[in-house]
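**Q** What follows is a structure written as structure tokens; I'll ask about it next.
Bear in mind these aren't lab numbers, they're just calculated from the coordinates by the rules spelled out. Note that the coordinates shown come from a computational prediction; the quantities given were computed from them, not determined experimentally. No Cβ is skipped: glycine too gets one built from the backbone with ideal geometry, and neighbour counts run over all protein chains shown.
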Amino acid sequence: MSKSPVKTLYAAIAACSILFQGCHGAADTGSRTALADTVYTEAAAMSHHRNEPERALAMIDSALLVGNITWQRAEYLKAVTQYGGLRNLPLARQTCLDLIGRQGAIEDSVTLERVYMLLTSIEYTAANHPAIIRYATEASRLAHALDMPDEVGKMEAFIARSMAQTGRTDEGIERLKATLADLRKLDSFSGLISYHDASKKLLHILIDHDRYPEMETVCHDVLARLDELEQHPDRFTNMQEGFDPSEFIDFARGQTLAFLTTAYARQVTQHKTPPHISAQYLKKALATEQEVFRTEWSKGPDCDKMLSAAYHHMGQFDRFEQAMRRFEGTYPDTINPNYLICLEQRCVASKMQGRLAESLSYLERASVIRDSLDARNQRDQLNELATIYGLQEERITRQEKEAEAKISHVINVALSIGLLAVAGFLIWFIRQKRIVEKKNRVLAREIAEAIKYKDKYEEAKLSESQETAYTAEPTAEAEPARLSSSASDSELFQALRQVILRESLYLDPSFDRQTIVDRFGLTKERVGAAFAKGSPFKSLIDFLNDCRLPHAAKLLASCPDLSIAEVAQASGFPSADTFGRNFKQKYTLTPSQYRDQQGRM
């Protein structure tokens, strides 16, 4: 066929497709136009993202449906809601990474910069400092290209703070000081906010490294800048008309004065400080403390948290006790970092007053809280692995649905062509084959990633079970036997699962319920109930297939010399037919298709 007829044929097919879609879409054109002017807007959705995150997510979908926002913006807003409302860091992180991973998907540079800023905040919450540096650097680059110097300053502050946390303290401090110098030149309200945030990060670094004299300079610079805003608000741009900055001034001044009080107080008791110098610092600390109490900010719990460490250095132990009681009252859950800080400060204060037994008691309690927090962090890491594995499974399901939707759409278009059906089918077949090949490659990659995360999750789960459930029985076989009479179905399943996974019993094609009965002295009914009622699987064979199929997938990818039948036997399946049927049912692809796609990667 010549080039011109091919173009004509494609044009005819496209025209028929447009007509076909037009028949379905014309009826609701008016309704979509009417819906576009509704309450489903970005502002409306984000007004609920913290207190009612589920409602906010539904409103974002509705705003996308009626065309009020783009799909890129919708994905970003979902990530914001997942982070700020649901507090689900793994899900928010994965949503951002999926959005960035679509090559050229985000045409709006501002949205892309916001995505990297959100990733920076997520990793800052997770204390993942290498990732903070990576994402904040990219956000800073984009903000610089968009001529947003205040946003550049925010990201540079994150980078410097993480440098200090990863052993590059001097480099981080110098970078923060340079950032503050740049932000000080901005005559904008947003620039002043960024300047205040960056100053706080620098002050925290200086406190951590006992560099109190440097804190004084930073604090005085911030206070001078706040005085400028208070006396000459007209010099600062991008403030809304009629906006009163007094609330921000009070908040920022209170915090800065609290930092300054801490800097003076720490030098009162600093090692080798002469008595007359200590007296001077104490006088400065007391005077600055009084200035703090003139602010409205001093009435909140943050003031107690910041000044509590300064109180015992100033010898104000009664005020320290009052602050600690108020501070503890705001945290009913004692297993948290704030309560740990409270105990550590009480330990120091008791020691300074010579109450050594009381100091030791606080130290022991702090040690218990610290161990509990470490255990909680390990559980959070395990849950994060489970979440990532779940997200990979969801992605595979989404790919399957997209492939099915694409096939359905092409078939409908082909049926609408009429006289061009035969020619249209041939062209569709060639095009669809390429699409399926591409989908198969993506699906094969997703299957491999899902299996990898499942292996990590199973390994972590097994390791945790071995550490927390270790007993004095000499063998792993004793555990199910011990549980058979008293344990629940769920507990018996977990015990059997550990033995089957640890010893790779599922790789034996002859392994069945009778094997378990013979080995552990259980009844068939007891074993059947453990898997049917005590597990997420319908039966023992479903559990074995869930173990065997990932093993078979890895063999297909890593051992190309093995035949399909040999892979089936090595993975514990009784026959190649059974293996092929189960593999396609779970992964959509046949074993041969999966191996072929893995060989092309």
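**Q** Quick one: which residues, 5+ away or cross-chain, put their amide H under 5 Å from the amide H of residue 188? H built at 1.01 Å from N.
**A** 237
**Q** Suppose each label sits 7 Å from its Cα in the direction of the beta carbon; what would the residue 144-residue 490 distance come out to in nanometres?
**A** The answer from the label model is 5.3 nm.
**Q** Using 1/(1 + (r/R0)^6) with R0 = 60 angstrom and r between the beta carbons of residue 230 and residue 397, what's the FRET efficiency to the nearest 0.05?
**A** On the way: r = 57 Å, r/R0 = 0.95.
Computed FRET efficiency for residue 230 and residue 397 comes out at 0.60.
**Q** Now a separate question. For an R0 of 22 angstrom, estimate the FRET efficiency from the Cβ-Cβ distance between residue 237 and residue 109 and round to the nearest 0.05. Kindly include the intermediate steps, with their values, before the conclusion.
**A** Numbers: r = 22 Å, r/R0 = 1.01.
Between residue 237 and residue 109 the formula returns 0.50.
**Q** What is the gain in length, in nm to one decimal, between residue 247 and residue 539 on full extension, counting 0.36 nm per residue of separation less the C-alpha to C-alpha distance? Mind showing how you got there, number by number?
**A** Numbers: separation 292, 0.36 × 292 = 105.12 nm, distance 6.30 nm.
Value of the extension gain: 98.8 nm.
**Q** So, one more: Along Cα→Cβ, 7 Å out, is where each label goes; now give me the distance between the ones at residue 432 and residue 100 in nm to one decimal.
**A** Computed distance between label sites residue 432 and residue 100 equals 3.8 nm.
**Q** Also: Please label the shape of the stretch 108-196 as rounded, prolate or oblate, based on the square roots a ≥ b ≥ c of the eigenvalues of the alpha-carbon gyration tensor (a/c under 1.5 means rounded; beyond that, a/b larger than b/c means prolate, else oblate).
**A** Numbers: a/c = 2.02, a/b = 1.10, b/c = 1.83.
The shape class here is oblate.
**Q** With r as the distance between the Cβ atoms of residue 211 and residue 317 and R0 = 22 Å, compute the FRET efficiency 1/(1 + (r/R0)^6) and round to 0.05. Provide the component values of the computation, followed by the final result.
**A** Working: r = 26 Å, r/R0 = 1.19.
Once rounded, the FRET efficiency stands at 0.25.
**Q** Work out, step by step, the length gained on full extension between residue 590 and residue 220: first 0.36 nm times the residue separation, then minus their alpha carbon distance; give nm to one decimal. Before the final figure, lay out each step's value.
**A** Values: separation 370, 0.36 × 370 = 133.20 nm, distance 6.96 nm.
This chain segment gains 126.2 nm when fully extended.
**Q** Now for a different question. Give me the distance between the Cα centres of the stretch 496-531 and the stretch 306-354, rounded to whole Å.
**A** 55 Å
**Q** Please give the length that would be gained between residue 296 and residue 524 if that part of the chain were fully extended, namely 0.36 nm times their separation in residues minus their C-alpha to C-alpha distance (nm, one decimal). Could the numbers behind the result be given before it?
**A** Numbers: separation 228, 0.36 × 228 = 82.08 nm, distance 7.09 nm.
This chain segment gains 75.0 nm when fully extended.
**Q** Grab the other residues whose beta carbon is less than 15 angstrom from that of residue 140, score K and R as +1, D and E as -1, and report the net. Let's see the in-between values first.
**A** Details: positive: 114, 134, 141, 154, 161, 175, 201; negative: 113, 123, 138, 147, 150, 151, 156, 182, 197.
Surrounding charge for residue 140 is -2.
**Q** Can you give the relative contact order of the stretch 242-350 as a percent, counting alpha carbon pairs under 8 Å and 6+ residues apart?
**A** Details: 102 pairs, mean separation 28.3, N = 109.
Normalised by residue count, the contact order of the stretch 242-350 is 26 percent.
**Q** Another question, then. So for the stretch 471-600, averaging the separation of alpha carbon pairs under 8 Å that are six or more residues apart and normalising by length, what relative contact order in percent results?
**A** Reported as a whole number, the value is 22 percent.
**Q** State, to one decimal in nm, how far the label point of residue 65 lies from the label point of residue 576, with both points 7 Å from Cα in the Cβ direction.
**A** Roughly 4.9 nm, to one decimal.
**Q** Sketch the reach of a paramagnetic label on residue 566 as a point 7 Å from Cα along Cα-to-Cβ, and name the residues of the stretch 587-601 whose backbone nitrogen lies under 20 Å away.
**A** The answer is 591-600, whose backbone nitrogens lie closer than 20 Å to the label point.
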